[in-house]
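The values are calculated or read from the model by the stated rules, or taken from the named source; none is laboratory data. Predicted, not measured: the structure shown is a model, and the values here were computed from it. A quick note on method: Cβ atoms are made from the backbone with ideal geometry, for glycine too, and the neighbour counts reach across all protein chains shown. In case anyone asks, the SASA skips ligands and DNA or RNA and just uses the protein heavy atoms, side chains included. Shrake-Rupley method; radii C 1.70, N 1.55, O 1.52, S 1.80 Å.
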Amino acid sequence: DSWQFLALWIDRLGLALIIILVLAAVYFYLWKIIGGNRPAIVSFFKSFSASFALAIKENAYYKNFTKKHPRLINFIKRRLSAEGYLGIYFTAGFMICAFFLWGFLGVVEDLISKDAIYLADLRVVNLAASFRTPFFDRFMLFITDFGEWQMITILSLIITLILLKRKKISQILSLAAGLAGGSLLFSLTKIISHRQRPPIIDRLYSIGGYSFPSGHSVMSVIVYGFLTYLFIKSVKKWKAKAAIFLGGIFFVSLIGFSRIYLGVHYPSDVLGGWLLGLFWLTVIITALEIQLKYFPFKNLPVFITSRKFFNASVAALILFFAVFSVVFYQTREPLLLFGESKSGQISGVSLPEDVFGVLPKSSETLTGSPMEPISLVFVGSQAEIESVFSAAGWLEADPITFGSVLKITAAALFQISYFRAPMTPSFFNYLPDNFGFEKQVGSISDRHHIRFWKTNFTYNGENIWVSTASFDEGLKYLITHHINPDIDKERNFVLSEILATGFVKDYRELQLVAPEQGQNQSGDVFFTDGKAYILFLGNKQYLKAD
């Protein structure tokens, strides 16, 4: 299911980007083998194209087809010709627009039919929230401000003033059309979709309006994408063009990710916003290229004659943009403090097993498909859980960070130990696991491990936690583990380890589900008798061991 979710993102976002990267790689390879001789590369492509076209023309099937369908052939030739305004420019633009519009409508269809992207939305928002830190909270608030309408307006004024000085009236009109059309498109779509934003408890700042699509994503693609286009057109070196192109993609992607991180949009909102923005950006760039080539403006007047006035105006707007961005950023404080519980109001139950009358009985994949049934239920504080596992010789897994990913990659490549290796996130009731413990057996490939989720229930004033345990017995793709299918054996091992510490006051068995066989999110098969154990931990004086 997780691979299906990833495949849908790639499908919707773009094979176009993949094709661009492949063509760029071919170009750079030819550049290298021909020795950086650009005319030679152009000559190579022209020669290849001519040979390919000649081979098609001489084909017997092609000749017969042209005789039977002369109008169709002439129509195609006109669409691929550079002579008229409805030729290759219009055709290429139309096809790219259709591709992005098809992707956007595909996201809409996925949301209506509640496909994988829809099912994963809330889980991804909760997963992103689990990586929050005070630094990234502030950083993402700063980044997201570059998609706010105030910042977009000021930046557009700066661009307009510079273009006005250079008599680029066509570009100014295109930017205006991009702003007006983009705002209209996403506003109407929001009204039609009426999709509510993610739960307020997961948001870092207050915001109103509907959720789909992300207006920040739409407008950042249009404005920063158009600015990227202008920069690419203004430079001649391909290295500079590539750097500008990749920089534009990175910045727009960062703004989109900030909306998910801050909890104000679902991933599908951002994806839909990108695709809608790319559709409209392609429309205005195609229209601009056709107008410049076939209908250029002539004898344009000079709108700004004073260099001092121009320099002072641009400098003032840039200074205002910088000051406004800082002031705007400083006036917004996150609603949630880092580390605050997102599990909602705590409520009590008559018995710990009563929670499964409300909550799921199994962990979930990213798209919500059930995985391993809950095998162990703990009643106690987090400090008590940490003390119990510390006494049993288990170590708490490191959170997923850039550093821990590098460490686990090195450990996997060289088959060495990493006793606190991070675990692949798993979900329960839409939430990623809070923490986990592990005990390695030899290298990083083999380890006992258990994941914990804090529920929003208590029993006699103590928190109720659910967990799943399994044994890793090998690596898959160097990024995840292969589990032993007998998860009951691992459940019983963890139970014996905990009971040996003497920190369990009482425990009892629960037939949670019927015996079953299933698969986890990486496709590993497991089987179980469906039993779970409820453990009541010791007194609160047991603190986490040093």
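Percent relative contact order of the range 378-431, based on C-alpha pairs within less than 8 angstrom and at least six residues apart?
On the way: 30 pairs, mean separation 17.8, N = 54.
Once normalised by length, the contact order is 33 percent.
Set the Förster distance to 41 Å, then compute FRET efficiency between residue 404 and residue 142 from the Cβ-Cβ distance, nearest 0.05.
Values: r = 25 Å, r/R0 = 0.61.
After rounding to 0.05, the efficiency reads 0.95.
Compute the signed sum of charges (Lys and Arg +1, Asp and Glu -1) over the other residues within less than 14 Å, Cβ to Cβ, of residue 220. It would help to have the intermediate numbers written out before the result.
Numbers: positive: 259; negative: 145, 148, 269.
Charge balance in the 14 Å sphere: -2.
Please list the non-local residues whose amide H lies under 5 Å from the amide H of residue 365, H modeled 1.01 Å from N, same-chain partners needing a gap of 5 or more.
371
Which of 247, 282, 262 sits closest to the plus end of the dipole of the range 196-290, meaning its Cα is farthest towards the positive end, when Lys and Arg get +1 and Asp and Glu get -1 on the C-beta?
247
For the range 80-193, what number results from the quotient of the Cα radius of gyration and 2.2 N^0.38 Å?
Numbers: Rg = 19.7 Å, N = 114, 2.2 N^0.38 = 13.3 Å.
Against the compact-globule rule of thumb, the ratio is 1.48.
Taking loop as defined by DSSP and a crowding limit of 11 other beta carbons within 10 Å, which trypsin sites (Lys or Arg not before Pro) in the range 206-271 fit? Intermediate values should be presented prior to the final figure.
Details: sites: 233, 236, 237, 239, 241, 259; in loops: 236, 237.
Loop-located and lightly packed - 236, 237.
Each residue of the range 228-241 in turn: what ³J(HN,Hα) in whole Hz from Karplus with 6.51, -1.76, 1.60 and θ = phi - 60°, glycine and Pro shown as x?
Running phi through 6.51 cos²θ - 1.76 cosθ + 1.60 with θ = phi - 60° gives 4, 4, 5, 5, 4, 5, 8, 10, 10, 6, 5, 5, 5, 4 Hz.
Karplus couplings for the range 523-535 from phi (6.51 cos²θ - 1.76 cosθ + 1.60, θ = phi - 60°), rounded to Hz, Gly and Pro as x?
Result, rounded to whole Hz: x, 6, 7, 9, 9, 7, 8, x, 8, 10, 10, 9, 10.
Report the FRET efficiency, 1/(1 + (r/R0)^6), for residue 441 and residue 150, where r is their Cβ-Cβ distance and R0 is 45 Å, rounded to 0.05.
On the way: r = 57 Å, r/R0 = 1.26.
FRET efficiency, residue 441 to residue 150: 0.20.
Sorted by accessible area with a 1.4 angstrom probe, largest first, how do 212, 90 fall? Intermediate results must be reported in sequence, preceding the final value.
Working: 212 10, 90 80 Å².
Ranked list, largest accessible area first: 90, 212.
In Å², and per residue, what accessible area does the range 220-291 have when probed at 1.4 Å with the other protein chains present? Working shown, then result.
Details: 2540 Å² over 72 residues.
With the other protein chains kept in place, the range 220-291 gives 35 Å² per residue.
For residue 528, what residues show an amide H to amide H distance below 5 Å, using hydrogens built from the backbone and excluding near sequence neighbours?
516
Give me the one-decimal nm value for the distance between modelled label points at residue 396 and residue 184, 7 Å along each residue's Cα-to-Cβ direction.
Roughly 5.5 nm, to one decimal.
What are the ³J(HN,Hα) couplings of the range 161-174, residue after residue, when phi is run through the Karplus curve with 6.51, -1.76, 1.60 and θ = phi - 60°? Round to Hz, x for glycine and proline.
With the stated coefficients, the range 161-174 comes to 5, 5, 5, 5, 4, 8, 6, 8, 5, 4, 5, 5, 5, 5 Hz.
Full extension from residue 294 to residue 66: what is 0.36 nm times the residue separation minus their Cα-Cα distance, to one decimal in nm?
Details: separation 228, 0.36 × 228 = 82.08 nm, distance 2.98 nm.
Here the segment from residue 294 to residue 66 would lengthen by 79.1 nm.
Once amide H atoms are placed 1.01 Å from N in the peptide plane, what residues at a sequence separation of 5 or more from residue 482, or on another chain, have their amide H within under 5 Å of its amide H?
Correct list: 473, 474, 475, 476.
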